[in-house]
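Working notes for the structure below.
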Amino acid sequence: MRGVDFLNKHQIPFTVICVVGEWSLNRARELYEFFCELGCFEIGFNIEEKVGIHDLSAPDNGELVKKFWEELFIAWRGNPKILIREFSRVLAWMETVSESEQQVARHQDLFPSVAHDGTVVLLSPELLDARSEHYNNFVAGNILRQSLDSILVNGEGLEYVRDFRKGVEKCAQVCEYSEYCMGGQASNKFFELGSTNGTETIYCRNVEQRLVDAVLSIV
């Protein structure tokens, strides 16, 4: 906590990410009050995910997760001292839900991530540590030997990118939440389903669907 004290002492604004496990889903108000006292100006809540080397647990209790978001939203509305990333996103989406052009454009970004050795992966930074013979370990190129522009151009033809695009299209056809989440995250689809060409994941249910349901039940 000394680092936080230093930031507050020198009036340096900071944000926080809180990973919420199943054991703390019933402590939404307590968590919010703690971070209000901490001094951050914004917080993001990540429900525990099955991703990367963390492949053992991800809560999938619909009632419990929805209740967490509901109680957190109520606590925040009663004392909106700090921003909550998820509520900022969902409320902004509700205000612009008819702006379909903006939503489609959001998924044109390949979101390149660069490793220490110059290796570039696309779509999700979590894929930097992923291993898949089928997808050639998600390598799109190396920034030390290629230009970023050429990596992105060639990246459109990579199988895991094409698979992800197909999965996003399927999400749009079958999921009523797709206008909000825009087709989900490539890394969660791969780590949960074994392919980027998938649709619903536990991650989708926890941080997209149950969040939207919780906020809609209150506003």
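The values are calculated or read from the model by the stated rules, or taken from the named source; none is laboratory data. Small disclaimer: the values here were computed from a predicted structure and weren't measured. Cβ placement follows ideal geometry from the backbone for every residue including glycine, while neighbour counts extend to all protein chains displayed.
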| request: Considering each residue of region 119-145, count those that are on the phi > 0 side of the Ramachandran plot and part of a helix (DSSP H, G or I), and give that number. | output: 3
| message | I'd like the full set of residues that are in contact with an Asp or Glu (Cβ under 9 Å, 6 or more places away or on another chain), surrounded by fewer than 16 Cβ atoms within 10 Å (Cβ to Cβ) and farther than 26 Å from Thr119 by Cβ, limited to region 151-187. | response | Ala172, Val174
| message | Taking the criterion of being loosely packed, with under 14 Cβ neighbours inside 10 Å, on the phi < 0 side of the Ramachandran plot and in contact with a Pro (Cβ under 9 Å, 6 or more places away or on another chain), would at least one residue in region 35-54 satisfy it? | response | yes
| note | Only one of (1) without any contact (Cβ under 8 Å) to a residue 60 or more places away in the chain; (2) out of contact with any Lys or Arg (no Cβ under 6 Å at 6 or more places or on another chain) does not apply to Gly44, and that is (2)
| message | Cβ contacts < 8 Å: first residue outside the structural domain of Ile43 (by TED's automatic domain parsing), restricted to region 1-26; second residue surrounded by 10 or more Cβ atoms within 10 Å (Cβ to Cβ) and among the basic types (Lys, Arg), any location; separation 6+ or different chain. Result? | response | none
| field | Of all residues in region 118-135 being within 15 Å of Ile151 (Cα to Cα) and surrounded by fewer than 18 Cβ atoms within 10 Å (Cβ to Cβ), the one that is farthest from the chain's Cα centre (by Cα) | value | Gly118
| said: Kindly evaluate Val90 against the criterion of being part of a helix (DSSP H, G or I), under 23 Å from Glu126 (Cβ atoms) and at pLDDT 95 or above. | reply: yes
